[in-house]
Amino acid sequence: MEQANMTDDVGNNTDNCPTIDEFRNQVYSTSYSLITVLGFVGNSFALMVLIRTYRQSSPFHVYMMNLAMSDLLCVMTLPLRVLYYVRKGQWEQGDFLCRISSYFLYVNLYCSIYFMTAMSVTRFVAIVFPVQNLRLVTMSRARFVCLGIWIFSSLASSPFLMSGQSIDPITNKTKCFEPPKSASDRLPKLQGLNNVALALGFVLPFIIILICYAGIVRTLLSRTPAARRQQNSASKAIRMIVIVLLTFLVSFMPYHIQRTIHLNFLSRKSTCSEQTFMHKSVVVTLCLAASNSCFDPMLYFFSGEGFRSRLSSLRHTVRNSTLRHTSKLKPITSSEYGESHKLDAS
């Protein structure tokens, strides 16, 4: 489904056109640093809450845990990219880490898309088919779906493991994350693979999500005002719709559209201004794609089943544990000692 290093970086298609290396290095290093901090803090905290409250588990809870783990896997490789761009495009971490850092970014990208799709279908069944929900949506099925998503995304992104570091013959620098050149023999194959990735990795999940949300909205609007006030599932569903659609429109859609345009752009002649614009758009949309790890904690907090109640329960448990620990360590004051001494004497 995925193609190796399709638009992971930008290089020069012609020697006459100016490079955008300075723009690329600044944007990538700044964006990836920010995404690393926000994504790591947000997803680590969410995963801690989900693990500590696992007794309250549900199918939606299973999808949230897997989504958080996928995001953490991605953000842990981003510091390697930051180092690469801070060093002005000089890779010093070895061939294996070059392959892995590209691989995990795209595993996360498609795991996020499919986990969001599974969460949307789960919410759709719960609201539109509440009677059949208990029979159709179970913990065992949720775990099976998660396993299938991990296997599919891992295999589909495996081409990234086939392309590692290389030596630039002009600068003699060790490179990583480099895109295909316009004259590359692999370009037709990459364009075909991109079409498959676009269809299975973005268009199909997006259509499923839109169908689910249309069904959810229709069902919610058909309820009586009293029924809407009694059930808070409606507000959770609306919040999830907003966050998931925002993630798709900001992170996933620009990247997939631009990637398709870019691969077709490489197969034709172009001016320097066109190349500069296209290369800069590669940088921007790839940063947006990586930023999906920052959107997901919003999904847990605002639309997760009982996530805020889980957080409140965890905070209450920690507070009680701290109070008990403090009471055990509390020193005996002089007045308390005097009273106890009098009691002993009497």
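Scanning region 175-207 for residues that are within 27 Å of residue 80 (Cα to Cα), of a type in the set (Gly, Ala, Ser) and at pLDDT 85 or above gives 197, 201.
Of the residues that make up region 47-70, is at least one touching a Lys or Arg at 6+ places or on another chain (Cβ under 7 Å), at pLDDT 90 or above and farther than 29 Å from residue 275 by Cα? So far as region 47-70 goes, yes, one or more of its residues are touching a Lys or Arg at 6+ places or on another chain (Cβ under 7 Å), at pLDDT 90 or above and farther than 29 Å from residue 275 by Cα. So, residue 126, is that one within 22 Å of residue 238 (Cβ to Cβ), at pLDDT below 90 and surrounded by 12 or more Cβ atoms within 10 Å (Cβ to Cβ) or not? Against the criterion (within 22 Å of residue 238 (Cβ to Cβ), at pLDDT below 90 and surrounded by 12 or more Cβ atoms within 10 Å (Cβ to Cβ)), residue 126 qualifies. In the set (1) surrounded by fewer than 18 Cβ atoms within 10 Å (Cβ to Cβ); (2) at pLDDT below 90; (3) touching a Cys at 6+ places or on another chain (Cβ under 9 Å), the condition left unmet by residue 38 is number (2). The residue of region 255-296 that is surrounded by the most Cβ atoms within 10 Å (Cβ to Cβ), among those that are modelled with pLDDT of 90 or more, part of a helix (DSSP H, G or I) and of a type in the set (S, T, N, Q), is 293. Cβ separations smaller than 6 Å between residues 6+ apart or across chains give the following pairs from region 227-242 residues that are among the charged types (D, E, K, R) and at pLDDT 80 or above to residues that are surrounded by 13 or more Cβ atoms within 10 Å (Cβ to Cβ) and assigned to a helix (DSSP H, G or I): 239/302; 239/303.
Note on region 133-223: enclosed helices (runs of 4 or more DSSP H) holding 1 or more residues that are among the basic types (Lys, Arg) and within 25 Å of the chain's Cα centre (by Cα) are 139-156.
For (1) over 13 Å from the mean Cα position of the chain (by Cα); (2) more than 16 Å from residue 148 (Cα to Cα), each residue gets a yes or a no:
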| position | (1), (2) |
| --- | --- |
| 67 | no, no |
| 81 | yes, yes |
| 86 | yes, yes |
| 89 | yes, yes |
| 96 | yes, yes |
| 107 | no, no |
| 119 | yes, no |
| 124 | yes, yes |
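Do we find that residue 179 is buried (at least 18 other Cβ atoms within 10 Å of the Cβ) and either in contact with an Asp or Glu (Cβ under 9 Å, 6 or more places away or on another chain) or free of Cβ contacts under 8 Å to residues at least 40 places away in the same chain (or both) in this structure? Spelling it out, residue 179 is indeed buried (at least 18 other Cβ atoms within 10 Å of the Cβ) and either in contact with an Asp or Glu (Cβ under 9 Å, 6 or more places away or on another chain) or free of Cβ contacts under 8 Å to residues at least 40 places away in the same chain (or both).
I'm checking my understanding of the structure. Among residues of region 49-85 that are β-branched (Val, Ile, Thr) and surrounded by 15 or more Cβ atoms within 10 Å (Cβ to Cβ), which one is nearest to residue 301 (Cα to Cα)? Across region 49-85, the extreme among qualifying residues is 49.
The values are calculated or read from the model by the stated rules, or taken from the named source; none is laboratory data. Since the model is a prediction, treat every value here as computed from it, not as a measurement. Because the Cβ atoms are built from the backbone with ideal geometry, glycine has one as well, and the counts that use them run over all protein chains shown.
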